[in-house]
Amino acid sequence: MSSTFDAVSKIISETCDIPLEKITPESHAIDDLGIDSLDFLDIAFAIDKAFGIKLPLEKWTQEVNEGKAKTEDYFVLGALCGKIDELVAAKSA
Amino acid sequence: MRLETFQMITRVIAFDAQAKTLSAAADVPAESPVFEGHFPGFPLLPGVLMIEAMAQTSGWLILGMNGITAMPFLVGANNAKMRDFVPPSTPLEVHATLIGDGSGYAVTKAHITRDGKKIAEAEIRFAVKAFPDPKFAQMIREWGGRLQFPFDQLETA
């Protein structure tokens with residue numbers, strides 16, 4: 001399991017009081033873990049701080065609302081961690 | 001302050017875009033219908049309105065940092081502490097520092113002082129959204145004018 005997933009799952013567990021063992025790379029943040037948009041702002045704040053990035057939540061939400069992307073593309077944890085890794089790599093490039 | 005209309009800030013004292021801080025005066029009025037119930041014979045500024053004062057001060061800070069392009073809406077307060085009673089006719093100062101901002105959110109640390117002594121504090125979270133209507137943005141600018149918000153510093157922020 002990636003260190004990114006370990007860090008993100010710990011953030012989600014602590015922010016939303018969800019047992020760590022319930023959080024898997026296949027978990028959908030909204031459908032499976034029941035994380036709402038306000039909790040996700042707290043999660044984004046913690047992720048931004050932990051990884052030194054800014055998750056483009058508004059852009060992602062707009063893409064989902066316009067049908068250009070599926071929620072799974074951003075809010076399934078494995079995919080989210082992939083996006084985080086991309087943002088970290090882009091920052092250090 | 002006009003407690004019954006939730007206008008918690010009397011005027012903006014200082015805005016520093018580099019330091020990401022804003023301070024505001026918040027003068028507790030001598031009389032308000034709020035004091036009739038909170039509490040009869042022992043009037044006190046409700047603690048929840050101290051949080052609102054910190055949220056509004058933080059809100060002006062966030063507006064200043066984004067050039068009044070998006071509106072912060074209070075969504076959470078963590079570690080809020082009210083350390084002392086605040087009776088009517090008390091001049092307060094409210095201080096806010098931006099500690100995080102990202103895509104659609106902002107987080108501040110705020111505190112209230114009386115005569116330099118800290119009497120309340122909180123970490124406050126906001127959802128930051130585009131103004132739903134240009135009239136809303138204009139209303140906020142007019143409100144800022146009444147609070148003596150330093151718009152001249154906004155241009156260089």
Q. How many residues are over 11 Å from A:L80 (Cβ atoms) and either within 8 Å of another protein chain (Cβ to nearest Cβ) or at pLDDT 95 or above (or both) if we restrict to segment A:38-50?
A. 8
Q | Single unsatisfied condition, B:D101 versus (1) under 28 Å from A:I53 (Cα atoms); (2) in contact with a strand residue (DSSP E or B) (Cβ under 6 Å, 6 or more places away or on another chain); (3) not β-branched (V, I, T) | A | (2)
Q: Select from segment B:76-117 the residues that are of a type in the set (K, R) and closer than 18 Å to B:P46 by Cβ and write down the one among them that is surrounded by the most Cβ atoms within 10 Å (Cβ to Cβ).
A: B:R114
Q. If only one of A:I53, A:I84 is in contact (Cβ under 8 Å) with a residue 40 or more places away in the chain, within 14 Å of another protein chain (Cβ to nearest Cβ) and not small (G, A, S), which one is it?
A. A:I84
Q: Considering only residues that are among the β-branched types (V, I, T) and farther than 15 Å from B:D84 by Cβ, look in segment B:33-54 and name the one that is surrounded by the fewest Cβ atoms within 10 Å (Cβ to Cβ).
A: B:V48
Q.
Only one of B:R2, B:R114, B:R11, B:R83 is within 29 Å of A:C16 (Cα to Cα) and among the basic types (K, R). Can you tell me which?
A. B:R83
Q) Quick check, is A:K83 modelled with pLDDT of 95 or more and surrounded by fewer than 16 Cβ atoms within 10 Å (Cβ to Cβ)? A) no
Q. Quick one: which of B:F42, B:F73 is among the aromatic types (F, W, Y) and more than 13 Å from the chain's Cα centre (by Cα)?
A. B:F42
Q: Hey, can you tell me all the residues within segment B:60-74 that are surrounded by 18 or more Cβ atoms within 10 Å (Cβ to Cβ), without any contact (Cβ under 8 Å) to a residue 60 or more places away in the chain and closer than 20 Å to A:L38 by Cβ?
A: B:P72
Q. In the set B:A80, B:A96, B:A55, B:A110, which member is among the aliphatic types (A, V, I, L, M) and more than 22 Å from B:R2 (Cβ to Cβ)?
A. B:A80
Q) Going by the structure shown, is B:L45 away from chain A (no Cβ under 14 Å) and either in a loop (DSSP other than H, G, I, E, B) or free of Cβ contacts under 8 Å to residues at least 24 places away in the same chain (or both)? A) yes
Q: Give the residues of segment B:17-27 that are of a type outside the set (G, A, S) and in contact with a helix residue (DSSP H, G or I) (Cβ under 8 Å, 6 or more places away or on another chain), sorted by residue number.
A: B:K20, B:T21, B:L22
Q. For the subset of segment A:15-32 comprising residues that are among the acidic types (D, E) and under 14 Å from the mean Cα position of the chain (by Cα), which member is surrounded by the most Cβ atoms within 10 Å (Cβ to Cβ)?
A. A:D32
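The values are calculated or read from the model by the stated rules, or taken from the named source; none is laboratory data. Everything numeric here is computed off the predicted structure, so don't read it as measured data. Note that we place each Cβ from the backbone using ideal geometry, even for glycine, and neighbour counts take in every protein chain shown.
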